[in-house]
Amino acid sequence: MEQNKELIFEVICDDESAIIKSIELYNKTYKTNFKLLEYILDEVNFVRISGNVQLSDIFQLGAIYSRLSANK
């Protein structure tokens, strides 16, 4: 079984409001502690996120973000 580890990671993100809503929803539903550390505006936009989570949580958060950003 995977153990929770403190991870800091960056992912491409073009919709700041969707990632914020995704993090809030995921944390509330699955009792995790994802935090948006920074939104990096550049030619390609990124977010830096931290959390004491499992790797599978990151992929599930990405799935929620994809659904929310596609519905706009």
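Looking for something modelled with pLDDT of 95 or more, among the small types (Gly, Ala, Ser), under 14 Å from Asn4 (Cβ atoms) and under 11 Å from the mean Cα position of the chain (by Cα) - is there at least one such residue anywhere in segment 43-62? Yes, because at least one residue in segment 43-62 is modelled with pLDDT of 95 or more, among the small types (Gly, Ala, Ser), under 14 Å from Asn4 (Cβ atoms) and under 11 Å from the mean Cα position of the chain (by Cα).
Applying the condition of being in contact (Cβ under 8 Å) with a residue 24 or more places away in the chain and not in a strand (DSSP E or B) to segment 43-59 and asking which residue is nearest to Ser69 (Cα to Cα) yields Asn45. Scanning segment 31-67 for residues being farther than 11 Å from Ile19 by Cα and among the hydroxyl-bearing types (Ser, Thr, Tyr) gives a total of 3.
The condition (being loosely packed, with under 15 Cβ neighbours inside 10 Å and either in a loop (DSSP other than H, G, I, E, B) or in contact (Cβ under 8 Å) with a residue 40 or more places away in the chain (or both)) is satisfied by just one residue among Ile64, Ile8, Ile19: Ile8.
Residue count for segment 22-42, restricted to those that are aliphatic (A, V, I, L, M), more than 20 Å from Arg67 (Cβ to Cβ) and in a strand (DSSP E or B): 2.
The values are calculated or read from the model by the stated rules, or taken from the named source; none is laboratory data. All values derive from a computational prediction rather than experimental measurement. Cβ: placed from backbone, ideal geometry, glycine included. Neighbour counts: every protein chain shown.
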